[in-house]
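As structure tokens, the structure follows; a few thoughts come after it.
The values are calculated or read from the model by the stated rules, or taken from the named source; none is laboratory data. All values derive from a computational prediction rather than experimental measurement. Here the Cβ positions follow ideal geometry from the backbone for every residue, glycine too, while neighbour counts run over all protein chains shown. Accessible surface is based on the protein model in full, side chains and every heavy atom, while ligands, DNA and RNA are left aside. Shrake-Rupley method; radii C 1.70, N 1.55, O 1.52, S 1.80 Å.
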Amino acid sequence: MAGTSVRAASSNRVVSLEDPAALGSADRGGMLELIAGLGGQLLRGFDIAASTPALPSGEGVRAVVLSGMGGSGIGGDLVRAAFGSAVTTPVVVSKGYDLPGFCDHDTLVVATSFSGNTEETVAAYRRAVATGCRVITVSTGGELAALSEADGTPHIPVPSDVTLPRAALGYLGAAVVAILGAVGLLAEARSHVEAAAHALDRLAARVGAGEPVGSNEAKAVAAWIGDRVPVVWGSLGVAEAAAMRWKTQFNENAKTPAFASALPELDHNEIEGWSEGSGEGFAVIALRHEGEHPRVAARVEATRELLAGSGLSFREVRAGEEASPLATAFSLVMLGDFVSTYVALARGVDPSPIPVLSALKDRLRG
Ligand code: F6R
């Protein structure tokens, strides 16, 4: 069966999380190293984007739309969540072929696609140009870069030293921060990126492959998840965006089903679904941070108590007290990136290849 052979391409040897050398050789695409470099990527990505010539003016901009799919879209979610209160102009994330109906010449559209060839983002870009929006493209090349050149729209080049979109999140996310800064919608943009980069470098040293399970939170969480299906909860804002990143990284790195939902919303529906015994085989990770709404703590505790009979296992992951909401968002992301990669390696899965996703793209291309 075609599906079976696609999957077989990613099978690997199960390795112990206590064995850094074995982790290194099983991680054939070098995912752990790429994750550890997230802070450096943010800084480099910011500087490349901020020095791009002829970025459009922010004068009179009434809305910003961040268009992108998958690994090229999540940077928009994270940046929007981090600066939701600092940027007073509405920022909307759009994941699809179209753009919101309000888009016009006072809308700034950022079309981000690592490859530059994602059909949804290319279609959204074309729509933005046809509608007269102010448009910026972000990609390593591909159709988006070619269209930008032909249309005379500013293009931010993404370095191609990284070959996987989800591992280029630092470049892609920082480009959005730099754009918001350059067009005058976000003050002190580079200092937010610097704070995040410092926090990430410190975190990477604590949760990298060389640190043993006993003192490495990412390995400990991965070991605790084991063979169970991860369910990630995050409170509205940066933790909600980070929870979505955790889910998608479990999907793509560990090749496992995973689910994400947001507090307080999940208290209004999902909790009814975790009926007696239905949580066996699932592991809930609640992402917590200092900036969350004060009622979230009470909700997490009450929710956990009420779901005791479901058989769900719970664990919390807490971001440190960071200097910027961007640092909080990306610290939660880095932890999840490491956790999902450790889960992959511990299950004998090669984190880097995404054969099913690639097969789907090939099939749609005909
Ligand atoms: C992540 C990944 C996908 C892509 C998505 C869009 O590693 O492979 O989530 O990011 O399919 O493709 P690009 O990023 O090229 O626009």
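Condition check: within 21 Å of residue 97 (Cβ to Cβ) and among the polar types (S, T, N, Q). Does residue 163 satisfy that? So residue 163 does not fit the description; no. Right, residue 272: over 16 Å from the mean Cα position of the chain (by Cα) and either in a helix (DSSP H, G or I) or within 16 Å of the ligand (Cβ to nearest atom) (or both) or not? Considered against the rule, which asks whether it is over 16 Å from the mean Cα position of the chain (by Cα) and either in a helix (DSSP H, G or I) or within 16 Å of the ligand (Cβ to nearest atom) (or both), residue 272 comes out as yes. Scanning the range 32-60 for residues that are more than 17 Å from residue 183 (Cβ to Cβ) and without any contact (Cβ under 8 Å) to a residue 40 or more places away in the chain turns up just one, 33. A search for C-beta distances below 9 Å between a residue of the range 200-229 that is part of a helix (DSSP H, G or I) and any residue that is open to solvent by less than 60 Å² (accessible area, probe 1.4 Å) and among the acidic types (Asp, Glu), counting only pairs 6+ apart in sequence or on different chains, returns 218/337. Here the condition is being touching a Gly at 6+ places or on another chain (Cβ under 6 Å), more than 14 Å from the ligand (Cβ to nearest atom) and under 26 Å from residue 62 (Cα atoms); of 130, 145, 174, it holds for 174 alone.
Of all residues in the range 149-190, those satisfying the criterion of being over 18 Å from the mean Cα position of the chain (by Cα), charged (D, E, K, R) and in a helix (DSSP H, G or I) are 149, 151, 190. Scan the range 18-28 for residues that are surrounded by 16 or more Cβ atoms within 10 Å (Cβ to Cβ) and either touching a Leu at 6+ places or on another chain (Cβ under 7 Å) or more than 19 Å from residue 213 (Cα to Cα) (or both) and the total you get is 3.
Scoring residue 110 on the criteria (1) open to solvent by less than 50 Å² (accessible area, probe 1.4 Å); (2) touching a Leu at 6+ places or on another chain (Cβ under 8 Å); (3) away from the ligand (no atom under 16 Å from the Cβ) leaves a single failure, condition (3). One residue is enough: does the range 76-95 have a residue meeting the conditions within 16 Å of the ligand (Cβ to nearest atom), at pLDDT 95 or above, in contact with a Pro (Cβ under 8 Å, 6 or more places away or on another chain) and not in a strand (DSSP E or B)? For the range 76-95, residues within 16 Å of the ligand (Cβ to nearest atom), at pLDDT 95 or above, in contact with a Pro (Cβ under 8 Å, 6 or more places away or on another chain) and not in a strand (DSSP E or B): absent.
For every residue, the table says whether it meets (1) modelled with pLDDT of 95 or more; (2) among the polar types (S, T, N, Q); (3) crowded, with 21+ Cβ neighbours inside 10 Å.
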residue: 279; (1), (2), (3): yes, no, yes
residue: 293; (1), (2), (3): no, no, no
residue: 317; (1), (2), (3): yes, no, yes
residue: 322; (1), (2), (3): no, no, yes
residue: 344; (1), (2), (3): yes, no, yes
residue: 350; (1), (2), (3): yes, no, no
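In the condition set (1) within 16 Å of residue 329 (Cα to Cα); (2) not in a strand (DSSP E or B), residue 267 is compliant with all but (1). Hey, can you tell me all the residues within the range 61-73 that are near the ligand (Cβ under 10 Å from one of its atoms), open to solvent by 10 Å² or more (accessible area, probe 1.4 Å) and closer than 17 Å to residue 178 by Cβ? If the condition is that a residue be near the ligand (Cβ under 10 Å from one of its atoms), open to solvent by 10 Å² or more (accessible area, probe 1.4 Å) and closer than 17 Å to residue 178 by Cβ, then 72 is the only one that fits.
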